Structure formats: structure tokens, C-alpha cells
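Quick note: the coordinates plus some simple rules give every number you see, no bench work behind them. No experiment lies behind these values; they were computed from the predicted model shown. So basically every Cβ, Gly included, is an ideal-geometry build from the backbone, and we count neighbours across all protein chains shown.
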Amino acid sequence: MERPLTEHIHPDRPPFNIKEYEAVGGYAAVRMALKEWSPKQLQQAVQESNLKGRGGAGFNTGLKWSFVPMDGNAAQTKYVIANADEMEPGTFKDRLLLEGSPHQLIEGMILAAFAIQANTSYIFLRFAYKKAARILRESLQEAYDAGYLGKNILGTGFNLDMHLHTGVGRYMCGEETALLNALEGKRATPRAKPPFPQVSGLYGKPTIVNNVETFCCVPHIVNKGAAWFRSLSKSEDAGTKLYGVSGKVNRPGIWELPMGVTVRELLEEHAGGMRKGLGFKGALPGGASTDFLTSEHLDVKMDFKSVAEAGSRLGTGTMIVLDDATCPVGFVHNLQHFFAQESCGWCTPCREGLPWVEKILLSLENGEGREEDLDLLKMHTDLLGPGKTFCALAPGAM
Amino acid sequence: MLTTTEIKAIEHEISLVPHKKAAVIEALKIVQQQRGWVSDESLGAVADYLGMSQAEVDSVATFYNLIFRKPVGRHIILLCDSISCYVMGYRNLYAALQVQLNIKFGGTTTDQLFTLLPNPCLGCCDRAPALMIDDDLYTNVEPENLKEILAKYT
Ligand SMILES: Cc1cc2nc3c(=O)[nH]c(=O)nc-3n(C[C@H](O)[C@H](O)[C@H](O)COP(=O)(O)O)c2cc1C
Ligand code: SF4
Ligand code: FES
């Protein structure tokens, strides 16, 4: 079974430096694509690979890049941004890639920048990832020293700067337009779309924002081709995926597996099943903002379409397990406390509604609930549903 | 008043962005790193330096939970209170910390050594419960381990 993203990651030793990374084929994709491919060709290869964004929404990455205006003023400023904000509770996948294979991310970002002809790029890293920050700083310097970043990369005339930006908290910084505001030194509230960032993003310039894991797939697609990437998967969605499991299972952890493994395989084979004496009550398949799957969903494939058909979302692919000894009301209260706290306050239903939901759940947990509370909760699932708020935080909370 | 060290660091950040205002978060980070927190006076100095109103700078400063607008202790404890740590028992850690430090979330110990804050998911949910003290991450923490961990910080 191939594990292109994590093949060279060993948690018990430091990540590859640039020489070690090059020795296993690192930066070969950059050397080939920058010298032999056109930006359009690269966009097409990624589109054909059917790589879908690993940040949660699952949008075709090559298609997203193709919305960047490439004609006219070729010299116009454009940006590429890696979303390394990873703050969705229960999610710990990008940490593995950032700490374990920094050059893979940098290489993927260089390719993306070439594909849209961007000359400036940022890694937006959450504050808590101190180790990743240190590793990335060193790796960026190595990439500059080796001539993969900076002016006239590999003599091709292509220029690219890459900066590390570390955040100062707030989940909302992960929402891509709020992230742009945060990078511009503003409050991290989202922007109205359209215009989409691909047309008007950072400082009003064309910008693509992708998740860390998404970028990490790109060098492999360039090296081995779109068909190979699609063939890695067990389902309609291409590639491998980092899947994680946390909660009271025997072996919580993270694994790179073919896209589309079932919930059961993940839980039983990889996470080692429930701890002794505990039963499985349900799971959030991909972070705090995804809906519960229950024991009737054990054979659901963990890909974008199948999980959606089961009434939830693949999200980040990192599952949180609810066992039968943990209070489900307390569990949901914990989630709503998070969302209420992290609401950016921009729109009323979310700002006012979430604290209300949190309070009702707390009173239920404390045995002080009233019959009408259930109606109130139900009403909020509608008031905060998809399309009624400015961003996806509120629907994610419901 | 900003110190020359602070001004030098802020000028570097300004050089990386298209206009001065865009460096405001970085400027606040720089000031906080030097002074531990951002007082009204420090905030005013940043505002003056960047040509912004104090209200504008404060609206940014108070949005981000890791810019401190109140004095904090020498070390910051961030205890993860999100879902995987909830399942794995962060509340036991919180109870033990309250006893050992005699403070609640938001509080600073009387010797000014620690400030205790709740923090959303620290991104190591497979090793929950987790906490950070300054730049150090501790995972699979049991209440019994706390004494030893805290003793490292003076
Ligand atoms: C509240 C909120 C928080 C988000 N946080 C993250 C995050 O931390 N990392 C991430 O990659 N995407 C996050 N997203 C999704 C991004 O908005 C965006 O869809 C993603 O970065 C696009 O990259 P992709 O196409 O490679 O997935 C978040 C979305 C919302 C609504
Ligand atoms: S839904 Fe919530 S988080 Fe999103 S913009 Fe509205 S208030 Fe902010
Ligand atoms: S929920 Fe605590 S580290 Fe993720």
C-alpha cells in the first residue's frame, strides 16, 4: 500500500533536511515542472488527478486554481497561501505533515505558485505549533539557500518568496477569507463572496488558499501522474488521506490510507477498537463541525460523497469517538461552548444564537432542562443552518 | 514609547507588507514579547507609530485571544478544553490545577509565576489530554504528573 505523503515521516527522528529530502526524489517535481511544463499544464494535471481540498470543503483543487485570471497583465501580483491554522477540535493531521515533512509542503506550494504565476506565498501557521514553526523556519532557509525560493529559481526566471506567518489565536483564522483579513492585520471576520479570493484575495489580488495536506499531494501528482493518484483510492475521490482517531479507543492515532476506507476499518483495524468495557456510541467523522455517525454507519466509506450521503461530512478526516460512558449532552455542550466562544460576532444569528444554545445544553446537562428547550434547540438548527449566516462556522456548529 | 529594539523589529515587519497598518498584529506581538502584555500605554504607542487610532488597534488586539490586554504571569499555561480532551478527562486536570495553583481559568498565581487559560484544541488529540506551558507541549497528561511538570518553571 502506497503512502506518498508520509512514507518518509518517522515520528522518532527529525524530519528530512533538504539534502535527505532530495535524495528520496524531493524537489524533482519542481525541477521538472518549472523547466518543462507550462502553468496551464500543471493546473490541468492537478485538475485531472481529482485532488479535492483536504481542509474540509473538498473542492477540486486544480479547478480552484483555474479561476485565477492568467491572461492580460501577467506581471500582476498574485499570492499562494497555505492554510496551516488547524484549529478544528479533534484535528491533528496537518501537524504531522508540518513537523514531519516540511519540504514536501514547500515543494507543493512552489508548484502551486508556478501554476498561477504567483510571486509571494505565506504559510499561515497557528500559534500553538511551536515545533512546526521552528522546523519551517529552518526548512525555508534551506530552500532559499538551495535556490528553490528567491529570484530566478533554477535559472527559469520564475521568482517566489515564501514567508512564515504565525497567528495569535482564533479558530476563524482558518476560514479562508477571514485568514486573508488576519494576514492583512485586521480582525479575522470573513469576507463576502463573490468576489472569490482567486480573483480578489489578499490585498485585493488573486490568491489561492489551500490546506497543508492538499499542497503535500501536488509534488506526487507531478512526479507520478494524475492516473496514478486516482488509482491510490478505494473510492471516487482520488488519492490517499490522512485519517485520525481520538477518544477512548485502544490506539488513538493517525494513518495515511487509501481514500475511502470504511469507518469500521478505521475504528477496528487501525485504532484497535474501543477500550475494554466501553461501547461505541457514535463519532464525528472529521472534526467538531461534522455531524454524528452512529453504529448503523460503520460501513460508510470515509470519502467526501459517501459521508455526505450518510448525513455528515468528511471534514478533516480526523474522527472523534463518543463512547457509551461519556455523557452525550456534555459532549455536545463542549462542542457548542467552543463554537460560541469562537464565533467572530459578524452576524447576529451566530453571535447571539450560539451562546443561547450553549446555555440550554448546560442546563440540560445539569438536569434543569425544560420541555420547551428541545424546541428552542431545534429552532436554532434552522436559524443557524446553511445559507443563513455569513460563513460556515454556524452551520458547522449545528 | 516604543524601545529601539521594538521599533527595529516593527520596521522589519512593515517592510514586508504593502502598507503600515497591515503590520499591526505583528507590532502587537513584538510589544507583547518584550513586555509580557499590551497595556493601554503600549497600545497607544503602537497606534501612534502606525498612524492608526487607538480604537482601531484595540479592536484588533481584543479580537485575538493570545494578545493579552491584562498583565499575565511569567509562564502561560494553556489547558486544552476541546472535545477529545473533554472525552479523555481534561476536567480532572483542571480540578488538580485549581488546587495546586489556587486559581481558576483567567487567574494568575499570587507569586505571578503562572497564568492559567483554557485553549481550544492544541492539535494533538490522539495524545489527549494536553496542555502547553509557554512553548512546551505536554501530552497524555495525568493529574499526578502536574507537580513535576510545574516544578520545571521558575
Ligand atoms: C470556521 C472555519 C475554520 C476553518 N479552518 C480551517 C483550517 O484550520 N485549515 C484549513 O485548511 N481549512 C479550514 N477551513 C476551510 C477553509 O475555509 C478553506 O476551505 C480551505 O482552507 C481551502 O483549502 P482546500 O481547498 O485545500 O481544502 C475552515 C473553514 C471554516 C468555515
Ligand atoms: S457565522 Fe459566526 S463565525 Fe461566521 S461570520 Fe457569522 S458570526 Fe462570524
Ligand atoms: S481536543 Fe485537546 S488537543 Fe485536540
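Between A:THR240 and A:MET259, the built amide H atoms are under 5 Å apart, and every one of these is 5 or more places off in sequence or on another chain. Put simply, the amide H of A:TYR122, placed in the peptide plane, has neighbours under 5 Å in A:VAL80, A:ILE81, A:ALA82, A:HIS163, leaving out anything fewer than 5 places away on its chain.
Here B:HIS12 and B:GLN100 are evaluated by their C-beta separation; at R0 = 41 Å the FRET efficiency comes out at 0.50.
By residue number, which cysteines of chain B lack any other Cys whose Cβ falls under 4.7 Å from their Cβ? By the Cβ distance rule, which asks for a partner under 4.7 Å, the isolated cysteines are B:CYS121, B:CYS124, B:CYS125. Across the range B:74-81, computed HN-Hα scalar couplings (Karplus, 6.51 cos²θ - 1.76 cosθ + 1.60, θ = phi - 60°) run 5, 10, 9, 9, 10, 9, 5, 10 Hz from first to last residue, x flagging Gly and Pro. The length gained on full extension between B:ASN140 and B:TRP37, counted as 0.36 nm times the residue separation minus their Cα-Cα distance, comes to 34.1 nm. Here is the tail figure for the range A:120-185: Cα pairs spaced more than 13 Å apart come to 67 percent of all pairs. To the nearest 0.05, what FRET efficiency results for B:HIS19 and A:GLN117 with a Förster distance of 22 Å applied to their C-beta separation? After rounding to 0.05, the efficiency reads 0.40.
Over chain B, all Cα pairs binned in 10 Å intervals from 0 give whole-percent P(r) values of 11, 35, 27, 20, 7, 0, listed from short to long. 3J(HN,Hα) along the range A:10-17, derived from phi through the Karplus expression 6.51 cos²θ - 1.76 cosθ + 1.60 where θ = phi - 60°, amounts to 10, x, 8, 9, x, x, 4, 7 Hz, with x in place of Gly and Pro. In degrees between 0 and 90, to the nearest 10, how far off the longest principal axis of chain B does helix B:4-15 point, with axes built from Cα atoms? Tilt of helix B:4-15: around 80 degrees. Counting, for every residue in A:202-209, the Cβ atoms of other protein chains within 10 Å of its Cβ and taking the mean gives 1. Altogether, the Stokes-Einstein calculation at 25 °C and 0.890 mPa s, with the Kirkwood radius of the range B:4-63 over Cα pairs as Rh, returns a diffusion coefficient of 219 µm²/s. Based on alpha carbons, the Rg and Dmax found for the range A:240-323 are 11.1, 33 Å. What the Kirkwood sum gives for the protein assembly as shown is a hydrodynamic radius of 24.3 Å, with every pair of different alpha carbons counted. Placing one equal scatterer on every Cα of the range A:18-231 and applying the Debye formula, the log10 ratio I(q)/I(0) at q = 0.11 Å⁻¹ is -0.47. For A:THR326, no residue whose modelled amide H falls within less than 5 Å of its own remains once neighbours fewer than 5 places apart on the same chain are excluded.
Between A:GLN41, A:GLN336, A:GLN104, the GNM of chain A built on Cα springs shorter than 10 angstrom shows A:GLN41 fluctuating the most.
Compactness ratio for the range A:1-143: Cα radius of gyration over 2.2 N^0.38 Å (N = residue count) comes to 1.07. Annotation: the residues A:THR214, A:THR318, A:THR156, sorted from fewest to most other C-beta atoms within 10 Å of their own C-beta, follow the order A:THR156, A:THR214, A:THR318.
With the convex hull drawn around the C-alpha atoms of the range A:324-398, the volume per residue stands at 83 Å³.
In chain A, helical runs assigned H by DSSP with n ≥ 4 each contribute -39500 (n - 2.57); averaged across all residues and rounded to the nearest 500, the mean residue ellipticity at 222 nm is -11500 deg cm²/dmol. Please compute the Cα-Cα pair-distance distribution of the range B:75-151 with 10 Å bins starting at 0, giving whole percents from short to long. All Cα pairs considered, the percentages come to 21, 60, 18, 1. What whole-number distance in Å separates the alpha-carbon centres of the range B:29-107 and the range A:8-61? Value for the Cα centre distance between the two parts: 37 Å.
With R₀ fixed at 60 Å, the C-beta to C-beta distance from B:ARG74 to A:ASP71 puts the FRET efficiency at about 0.60.
Of all lysines in the structure, the ones whose alpha carbon falls short of 20 Å from that of A:LYS281, not counting any fewer than 8 places away in one chain, are A:LYS248, A:LYS301. In summary, the helical segments of chain A meeting the span-like criteria, namely a full DSSP H run, a Cα extent along the axis of 15 angstrom or more and a mean Kyte-Doolittle hydropathy of at least 0.5, are A:102-116, A:212-224. In chain B, the calculated helix contribution to ellipticity at 222 nm averages -12500 deg cm²/dmol per residue, counting -39,500 (n - 2.57) for every DSSP H run with n ≥ 4.
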